[in-house]
Every structure is written in structure tokens, then in C-alpha cells.
Amino acid sequence: MGRQFVIELENRPGELAHLARALAVRGIDIRHISCVGSGPLAHAFISTSDDAATREVLHGLGHEFIEGSPVVVDVDDRPGGLADVTEKLARAGVNILGALTVGRRPGVVEMAFAVDDEAKARQALGLEELSAVAR
């Protein structure tokens with residue numbers, strides 16, 4: 001998985017369509033997406049097939065956004081599974097900027113978190129060894 005982008009949009013009809021079309025025109029595939037809107041603002045949380053081109057499109061559209069490397073973690077698919085993971089991040093002082101479900105298998109939800117401190121998040125979740133192997 002490449003970079004993750006959390007994009008600020010106006011919360012009005014057509015904004016997500018405009019973003020999706022702008023990416024499509026550049027040949028960029030949206031691999032994962034989650035959106036939420038409240039009041040005048042909405043946010044799209046995406047990963048795409050081309051990080052550099054996505055960044056260019058977002059700048060060209062004038063959207064405010066943040067980006068980061070995803071921290072992907074398996075979450076137990078049970079009541080409290082998400083609470084367990086997010087409490088570990090909170091105790092470590094890590095702020096979650098976005099969360100996205102990227103896969104499922106029996107008993108497990110694979111989630112990608114965009115965070116303000118990837119190293120602290122990986123340490124809090126016990127992912128340091130995995131990150132060293134993946135490099």
C-alpha cells in the first residue's frame with residue numbers, strides 16, 4: 001500500500017465526484033476510500049495507484065490534505081477489538097488522522113491508520129519487527 005491521503009472537501013453534492021473524476025482523468029486508480037461529512041466540511045481518506053500524481057491532482061484542485069505512510073494492523077473482529085488498538089495508540093500519545101478498513105478474513109479486520117507519528121504507532125502496536133522486515 002502506498003501513501004494515504006486525508007483530503008478536505010466541501011460538504012456539498014458533487015465534491016467527491018469531482019475529486020474522483022480528476023483522479024480518473026490522470027489514470028489514477030483509487031485503491032481504498034472512506035469518506036465522512038459533517039457541517040460544511042467532508043473528508044475523503046484514500047490510497048491510490050500513484051502517490052506523486054495524486055499529490056499533483058490535489059494541489060491542482062486546491063484541496064487541503066495531509067498524507068502519510070499507513071500503519072496497517074490486524075484488529076480482532078469482535079466487540080472491543082477496535083477499542084483495544086486505538087487505546088494503545090492513545091496511551092502512546094499517537095493521534096489518528098484517519099482509519100480505513102482494507103481487508104477482512106475470518107475473525108480479523110485489516111485496518112490502515114494514518115497517524116501523526118508512525119514510529120510511535122508501530123512501537124505501540126508491536127509492529128517494529130514487521131516494519132524492519134518489510135524494508
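The values are calculated or read from the model by the stated rules, or taken from the named source; none is laboratory data. Remember, predicted model here, so these are calculated numbers, not experimental data. FYI the Cβ positions are ideal-geometry reconstructions off the backbone, even for glycines, and counts take in every protein chain you see.
Counting the residues of region 62-75 that are surrounded by 15 or more Cβ atoms within 10 Å (Cβ to Cβ), out of contact with any Lys or Arg (no Cβ under 7 Å at 6 or more places or on another chain) and without any contact (Cβ under 8 Å) to a residue 60 or more places away in the chain gives 4. Please verify whether region 11-31 includes one or more residues that are at pLDDT below 95 and closer than 30 Å to residue 122 by Cα. Scanning region 11-31 turns up at least one residue that is at pLDDT below 95 and closer than 30 Å to residue 122 by Cα.
Name the residue, out of 58, 89, that is assigned to a helix (DSSP H, G or I) and under 21 Å from residue 20 (Cβ atoms). Every option except 58 fails the conditions. Checking each residue in region 86-98 for being of a type outside the set (Gly, Ala, Ser) and either touching a helix residue (DSSP H, G or I) at 6+ places or on another chain (Cβ under 9 Å) or surrounded by fewer than 14 Cβ atoms within 10 Å (Cβ to Cβ) (or both) picks out 87, 88, 89, 91, 94, 95, 96. Each residue in region 19-49 was checked for being assigned to a helix (DSSP H, G or I) and surrounded by fewer than 13 Cβ atoms within 10 Å (Cβ to Cβ), and 3 of them qualify.
Going through (1) modelled with pLDDT under 95; (2) more than 30 Å from residue 12 (Cβ to Cβ) one by one, residue 101 falls short only on (2). In region 65-72, the count of residues that are at pLDDT 95 or above and either in a helix (DSSP H, G or I) or of a type in the set (D, E, K, R) (or both) is zero. Within region 69-82, the presence of a residue that is of a type in the set (A, V, I, L, M, F, W, C), under 22 Å from residue 31 (Cβ atoms) and touching a Ser or Thr at 6+ places or on another chain (Cβ under 7 Å) is excluded.
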